[in-house]
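*Asks:* Here it is: the structure, laid out below.
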Amino acid sequence: MRKAVWIKHASQLVTLASKSEGPRVKGAMSDLAIIENGSIWLKDGLIQAVGTTEELELFYTKSEADVEIIDATGHLVTPGLVDPHTHIAFGGSREREFEMRLEGATYMDIMSAGGGIHATTRMTREATENELVIQTSKRLDSFLAHGVTTIEGKSGYGLDLETELKQLRVMKRLQEEHPIDIVPTFMGAHAVPVAFKDREEDYVDLIINEMLPLVAKDKLAKFNDVFCEVGVFTPEQTERILEAGKSHGLIPKIHADEIEPYQGAELAAKVGAISAEHLLKTTEEGIQAMAEKGVIACLLPATALYLRETAAKGRRMIDAGVPVAISTDCNPGSSPTTSMPLVMNLACISMRLTPAESLCAATYNAACAIQMEDKVGSLEVGKQADVVLWNVQSYQQLQYLFGVNHVKTVWKKGLKVVR
């Protein structure tokens, strides 16, 4: 039996508790349900009690002798952060492309020259499964050190059956071996492989007829994602792939409107996608469609910064009633970061989210984007004991003190994994 943990006297205990279900929208994103002089009791991997320190002292002081007491005086306590969009399992590195962008090359220029996704595809195909496990595990360690306790991970650097399955197996193995919870997404439709140039429809057929059935049969993924973009997959192709995935029980997601407005947000609403990702170029019509259907906008401000693009219209989306989540988009080409605290800062600076909205978008709404809100994303009795103690006094300081990792301690399922 795991030793109980009692965190008490938190300057702010941000619980994000609510009686309503589903992702938060509009003003609800600012309701953090903060308890001052807060206290939380963790036992057997779950949250047993939440309240003021006085309330928990009344009931629990004499209840157990074997308890680790953490004095959180002057510190912020929040749920473990949730990253709902990563490309975590890949081989190799692409630092040369960073220089190419500074010299003026665009994302599509690099991809057309054999770089971008295709470069990582080559390196991922060449890597053994064990090599991918080692590389990916190091990234997960960095996520933990930045307060992230749950992530989504996409395939998409295989672009053939064997390597796509290898990526998904790596994530399944690490789900068992690493403290972080990993929610897998199949993304065979990340790009059209070089071998299928001018035969895009053949590759779409391969995804639908061979890849999706095997991914579903082996239960290797929960979601199915497509890069719907000019020069990648058309809206029509995207719809076919997502509908085929639905027939196998895979929930749709879409990389939408990242480089050009391409009806991706509208398509997300049409197919009932749980989320649309990127959305830098989404139109007003797309925003309204997402709001009407409750599609979660998963916004990636670090990617926009890295590509020197204008960030997505996060403020406009929240005001329009779109539920918003944020993510690192951790990947080797356009956002090689594992820092969700930085992403929260950038969401405030570049997308005009408030500090409260940014924290909600990185916890509860992010959990909703990967259907994990019943377990993580808020500090409520019965949920997983995923908790972060920060070296700041308030969530406002967390967003204000830019570019610094303020993590002091992280508990995953009640076990101290970062100190």
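The values are calculated or read from the model by the stated rules, or taken from the named source; none is laboratory data. Quick caveat, the model's predicted, so the values are computed rather than measured. Cβ: placed from backbone, ideal geometry, glycine included. Neighbour counts: every protein chain shown. With ligands, DNA and RNA removed, areas are computed over all heavy atoms of the protein, side chains included. Shrake-Rupley method; radii C 1.70, N 1.55, O 1.52, S 1.80 Å.
*Asks:* Around residue 313, what is the net charge, scoring Lys/Arg as +1 and Asp/Glu as -1 over all other residues with Cβ under 14 Å from its Cβ?
*Replies:* Net of charged neighbours comes to -3.
*Asks:* With every protein chain kept in place and ligands, DNA and RNA left out, what is the accessible area per residue of the chain? Probe 1.4 Å, answer in Å².
*Replies:* 38
*Asks:* Count the net charge of all other residues whose Cβ sits under 15 Å from the Cβ of residue 361, scoring Lys and Arg as +1 and Asp and Glu as -1.
*Replies:* After counting each charged neighbour, the total is -2.
*Asks:* Using per-residue counts of other Cβ atoms within 10 Å, averaged over each peptide, order 87-94, 223-230, 152-159 from highest down.
*Replies:* The peptides rank, most packed first, as 152-159, 223-230, 87-94.
*Asks:* If you don't mind, another one. Mind pulling up the Rg/Rh value for the range 103-236? Radius of gyration and Kirkwood radius, both on Cα.
*Replies:* Looking at the range 103-236, the ratio lands at 0.98.
*Asks:* Return the single residue from 394, 112, 358 with maximal mean-square fluctuation; model: Gaussian network over the chain, springs between Cα atoms under 10 Å.
*Replies:* Comparing 394, 112, 358 in the GNM, the peak value goes to 112.
*Asks:* Whole number please: convex hull volume per residue, Cα atoms of the range 276-415, in Å³.
*Replies:* 114
*Asks:* Within the accessible area of the range 71-174, what % is carbon and sulfur when the probe is 1.4 Å and the other protein chains stay in place?
*Replies:* Taking all protein chains in place, the range 71-174 shows 53 percent carbon and sulfur surface.
*Asks:* Once ligands and nucleic acids are excluded and a 1.4 Å probe is used, how much of residue 6 is accessible, expressed in Å² to the nearest 10?
*Replies:* Only protein atoms counted, so the area is about 10 Å².
*Asks:* How do 265-277, 281-293, 399-411 rank on mean C-beta neighbours within 10 Å, highest first?
*Replies:* Top to bottom by mean Cβ count within 10 Å: 265-277, 281-293, 399-411.
*Asks:* Between 25, 388, 67, find the one with the highest GNM mean-square fluctuation for the chain; connect C-alpha pairs within less than 10 Å.
*Replies:* 67
*Asks:* With +1 on each Lys and Arg Cβ and -1 on each Asp and Glu Cβ, how big is the dipole of the range 30-91 about its Cα centre, in debye rounded to the nearest 20?
*Replies:* Taking the Cα centre of the range 30-91 as origin, the dipole is about 180 debye.
*Asks:* Above 26 Å lies some portion of the pair distances; for the chain, what is it as a whole percent of all C-alpha pairs?
*Replies:* In whole percent, the long-distance tail amounts to 52.
*Asks:* Another one. Compute, for the chain, the length of the dipole vector about the Cα centre, with Cβ point charges of +1 (Lys, Arg) and -1 (Asp, Glu) only. Units Debye, rounded to 20.
*Replies:* 900
*Asks:* Where the accessible area of the range 292-331 is counted over protein heavy atoms with a 1.4 Å probe, how much of it, in %, is carbon and sulfur?
*Replies:* Roughly 47 percent, rounded to a whole number.
*Asks:* Mind checking the log10 I(q)/I(0) for the range 216-279 at q = 0.17, 0.29 Å⁻¹? Debye, one equal scatterer per Cα, no solvent, two decimals.
*Replies:* -0.49, -1.23
*Asks:* Can you tell which of 102, 250, 353 shows the greatest fluctuation in a Gaussian network model of the chain with Cα springs below 10 Å?
*Replies:* Greatest mean-square fluctuation among the candidates belongs to 102.
*Asks:* Specify the inter-centroid distance of the range 162-218 and the range 1-36, based on alpha-carbon positions, in whole Å.
*Replies:* Distance between centres, Cα-based: 35 Å.
*Asks:* Using the Cβ atoms and a cut-off under 12 Å, what net charge is assigned to the surroundings of residue 350, where Lys and Arg are +1 and Asp and Glu are -1?
*Replies:* Computed value for this residue: +3.
*Asks:* Given 305, 235, 414, which one lies farthest toward the positive end of the charge dipole of the chain, if we put +1 on the Cβ of every Lys and Arg and -1 on the Cβ of every Asp and Glu?
*Replies:* It is 414.
*Asks:* For the chain, what is the percent of antiparallel DSSP beta bridges, rounded to the nearest 5?
*Replies:* Expressed as a percentage, antiparallel bridges in the chain total about 45.
*Asks:* Taking the range 36-178, how much of its Cα-Cα pair set, in percent, is spaced more than 24 angstrom apart?
*Replies:* 53
*Asks:* Using bins 5 angstrom wide from zero, how does P(r) for the range 1-103 break down, in % of all Cα pairs?
*Replies:* Here the calculated profile for the range 1-103 is 2, 10, 16, 16, 13, 10, 8, 8, 8, 5, 3, 1, 0, 0.
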